[in-house]
Amino acid sequence: MPEIAFDQFGGGLDRRSSQSIAAANILWTLKNAYITTGKKIRKRPCLTKIATLEAGTAGLKGAGGKLNTFYGQGTITHANPLFLANKVAHPTLAVDVAKAHFAEMFNGFLYASVEYTNGDVKHHYLDGTSPTHIADTNCPNSKQVKKLSQKIYAAAGADVRFCATSLPRNWTLALDAGTIAAGINASGSDTVTALGDFKGDLGVFFSDGTQLWDVDSDPSLNALKSTADSVGTIYAKSTQALAGDLIFLAKQGFRSLSLLALTNNLQENDVGSAIEAFRSEISDAADPQSVYYPGLGQLWCINGTRAYVYSFARSVKLSAWSIFDFAVTVDAAAVLSNELYLRSGNNVYKVDPAVFDDDGTIPLVEVEMYYQDNQAPGIEKQFFGFDGVVKGSPDIAFRYDPRDTSLITPFVPITADMRPGDLFPMELCATSVAPVFRHQANEEFQIDQLLLYYEKLGPV
């Protein structure tokens, strides 16, 4: 009896083809699960609530051994010692903090760019000086900020301004602080929309173009290194370094930058082409945030209740997308000591692979393959049964007509290693089938292998 085995799912979620195209290693649906380095399908890590913060703060940034939050008025102290509330008062108005766009340690103190409820954006350096606000009028007080070469770089319309070396309060010092005139080298829009770190160089993004600048503590050595005129981003917090590359969300979808060593030519690669079908879910007005989760070697781009997750491991040639959905809206994300934390309102959650529910809410895992014709397209087959290896207790069903995806067998429960003993019966005649898994239980879940057994009814 012929069989076909599915045990390598390294392609992950991929919507570039019609579901009727037979493809064994990619998935039509991969929700609330991801691809492991062993090319198996595993339930996503879940959320454990670790704190309900005192009201009045916003943002979440990992720095200085703490999860930092920000507030503008009064005095707030977090009872949980993992968190540090930082007062960053508006220099002239009595307003609260709405968002924290950037915060990193600089010479032992926190440098932050925060947005207030009235829409103003201000930079602060928490070195014990009062006020914390950067008073130098050459500081652009923008959302787009990056730390490189002992300087703070910030977008300033068509330019990028930078502070004096190791002096983040000084944006004026001659021959040290200054401006990168990025806009005059732009071929389209000349407004800087995002900044990124690409192998130690400064990535300067416009809505329709990207520049790479070699920056130095000596500004006379700053030089335009390369350009990519076809792609940029409008999402300031979507840029994220990953394995020596820089990934960002462009108008076309997720893209990465690479530099050809022999020609110094900056190239953009469509790392996100597999999930471009989902690009329209993110509006121009959205503020998605990308973060690297070291615990699983993943890039998460979080937009509201959904995360677009890229699992990457060069050693095993893994590059696979998946989608995680949450019952809460994520306002901010931060990494501290290799752990990923998510903030929703005043609640903060730790992302934990050893937990299988989101603070009492069990996520629904959905996995759906492409229609498989068992390398015999157009030939009807009698499917007798199936078995496989899973962890947990999912339900499985089979779609059996790619012309009408509503046609599906009843879901049946399966569990553990199904290979010993009799086959699970299928009793289905079709030219191709698409296996569908559903799982919603407070337990570990993983798909290691699925085998389908059949006989051909048409010509051999």
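The values are calculated or read from the model by the stated rules, or taken from the named source; none is laboratory data. Model, not experiment: these values are computed from the prediction. All Cβ positions, glycine included, derive from the backbone under ideal geometry; neighbour counts span all protein chains shown.
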(request) Within the range 185-216, track down each residue that is at pLDDT 95 or above, aromatic (Phe, Trp, Tyr) and closer than 14 Å to Ile247 by Cα. (result) Phe205
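To keep it simple, each residue is scored yes or no on (1) among the β-branched types (Val, Ile, Thr); (2) at pLDDT 90 or above; (3) assigned by TED's automatic domain parsing to the domain that holds Ser18.
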| residue | (1), (2), (3) |
| --- | --- |
| Lys381 | no, yes, yes |
| Lys391 | no, yes, yes |
| Pro394 | no, yes, yes |
| Arg403 | no, yes, yes |
| Thr409 | yes, yes, yes |
| Glu427 | no, no, yes |
| Thr431 | yes, yes, yes |
| Arg438 | no, yes, yes |
(message) Quick check on this structure: which one of Ser393, Ser337 is of a type in the set (Gly, Ala, Ser) and farther than 30 Å from Val97 by Cβ?
(response) Ser393
(message) Can you tell me how many residues within the range 176-190 are under 23 Å from His124 (Cα atoms) and in contact with a Ser or Thr (Cβ under 8 Å, 6 or more places away or on another chain)?
(response) 1
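Residue-wise test of (1) modelled with pLDDT under 95; (2) part of a loop (DSSP other than H, G, I, E, B).
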site: Ser315; (1), (2): yes, no
site: Asp325; (1), (2): no, no
site: Thr329; (1), (2): no, no
site: Ala334; (1), (2): no, no
site: Leu340; (1), (2): no, no
site: Arg343; (1), (2): no, no
site: Tyr349; (1), (2): no, no
site: Phe356; (1), (2): no, yes
(message) Taking the criterion of being in contact (Cβ under 8 Å) with a residue 60 or more places away in the chain, part of a loop (DSSP other than H, G, I, E, B) and within 18 Å of Ile41 (Cβ to Cβ), would at least one residue in the range 406-429 satisfy it?
(response) no
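Sort out which residues of the range 12-58 are more than 30 Å from Phe70 (Cβ to Cβ), small (Gly, Ala, Ser) and at pLDDT 95 or above, and write them in order of number.
Selection gives Gly12, Ala33, Gly38.
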(request) Please give the number of the condition Ala89 fails out of (1) outside any strand (DSSP E or B); (2) without any contact (Cβ under 8 Å) to a residue 60 or more places away in the chain; (3) under 27 Å from Ala313 (Cβ atoms). (result) (3)
(message) Pull out all pairs, ordered by first then second residue, where Cβ-Cβ is under 6 Å, the residues are six or more apart or on different chains, the first lies in the range 95-110 and is part of a strand (DSSP E or B), and the second is of a type in the set (Asp, Glu).
(response) Ala98/Glu115; Lys99/Glu115; Phe109/Asp127
(message) All but one of (1) of a type in the set (Val, Ile, Thr); (2) more than 22 Å from Ala313 (Cβ to Cβ); (3) in a loop (DSSP other than H, G, I, E, B) hold for Thr179; state the number of the condition that does not hold.
(response) (3)
